[in-house]
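Take a look at the structure set out below.
The values are calculated or read from the model by the stated rules, or taken from the named source; none is laboratory data. Fair warning: this is a prediction, and the values are worked out from it, not measured in the lab. These area figures cover heavy atoms from the full protein model, side chains too; ligands, DNA and RNA do not enter into them. Shrake-Rupley method; radii C 1.70, N 1.55, O 1.52, S 1.80 Å.
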Amino acid sequence: DTARRELSVAAVSSELLQAWQPLCADCRLDVEGLSLPLIKGVRDYAIKLKAELPRGSFSLPVELIRENGTMTPGWISGRLSVKRKVPIAKKALQMGESLQVGDLNWDYRDISFAIDGVPSSEDLQGKTLKQAVRAGDIVWSGWLEREKAIRRGDLVQIRSRSEGWEVTLSVIAERDAFIGDVINLKNPKTNSVFLGQVTGRGEVELR
């Protein structure tokens, strides 16, 4: 009953950042333009937060505890700036061009409204671009061509596993596929068709 927390911009900003930072450990977060309820005589407060980062502007409900113990609802609003280290093109890059180590810089940029993922350095090595990129642009995951694990006509290994045993058979892929795709495979000896899920380069699990 004697505890008191000041409803201030500094205190609320600190509380919000402590709650949001674990949701993006490698991000730099900053709360901007914070607006608090204009209510006097507040002894304590409780902000209702969701377990997700807001995209730009936010408005959060807060319960205000008055000096006399009564509860008053209110709202806290502001904007969350989310900056993350991203790959940035040093020069103009053409569609179909393979990325090289020297083509990119890594720097912090605001990704508060990003609708695509940020690739890792490993994801970028040797990847081909699906579109042209201007110098200074962020290279997003969706701009990279996915590498096919199997191509039509490839001879691949299909496996069927159970407890204590495994059967492997060489079959022919009937279409191009990425890891995770389910495709038709033909046994070249019997022409029978199997359904399998691609698990790696040249590897399929029987479905």
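Miscellaneous remarks
- These residues, PHE113, PHE58, PHE194, go from largest to smallest accessible area, 1.4 Å probe, as PHE113, PHE194, PHE58.
- Per-residue ³J(HN,Hα) for the stretch 125-130, Karplus 6.51 cos²θ - 1.76 cosθ + 1.60, θ = phi - 60°, Hz, x for Gly and Pro: 4, x, 6, 9, 7, 7
- Probe 1.4 Å, protein heavy atoms only - accessible area per residue of the chain in square angstrom: 62
- Per residue, the average separation of C-alpha pairs within less than 8 Å and at least 6 apart gives the chain a relative contact order of 13 percent.
- Carbon + sulfur, % of accessible area of the chain - ligands and nucleic acids excluded, 1.4 Å: 49
- Our note on the geometry: Cα centres of the stretch 33-57 and the stretch 138-184, 49 Å apart.
- Expressed as a whole percent, the proportion of Cα-Cα pairs in the stretch 75-207 lying more than 27 Å apart is 45%.
- Relative intensity, log₁₀ I(q)/I(0), of the stretch 1-152 from a Debye sum that treats every alpha carbon as a point, q = 0.14, 0.20 Å⁻¹: -0.76, -1.15
- Reachable lysines, given that their alpha-carbon falls under 22 Å from the alpha-carbon of LYS148 and they are not under 8 places away in the same chain: LYS127, LYS130, LYS186
- Placed amide H near LEU144: partners under 5 Å, 5+ positions off or other chain: LYS130
- For LEU104, the residues 5 or more places off, or on other chains, whose built amide H falls under 5 Å of its own are LYS90.
- Of the beta bridges in the chain, as assigned by DSSP with both residues counted there, near 95 percent are antiparallel.
- Rel. contact order, % - alpha carbon contacts under 8 angstrom, at least six apart, the stretch 109-207: 21
- Under 5 Å between amide hydrogens, built in the peptide plane, is the criterion, and for LYS127 it picks out LEU99 among residues at least 5 positions away or on other chains.
- With θ taken as phi - 60° and the Karplus curve 6.51 cos²θ - 1.76 cosθ + 1.60 applied, the whole-hertz 3J(HN,Hα) list for the stretch 163-172 is 5, x, 8, 8, 10, 10, 9, 7, 9, 10 Hz, x standing for glycine and proline.
- Computed per residue of the chain from DSSP H runs no shorter than four, each worth -39500 (n - 2.57), the mean residue ellipticity at 222 nm is -2000 deg cm²/dmol.
- Cα-based reach from LYS50 at 27 Å (exclusive), listing lysines while leaving out same-chain residues under 8 positions away: LYS40, LYS83, LYS85
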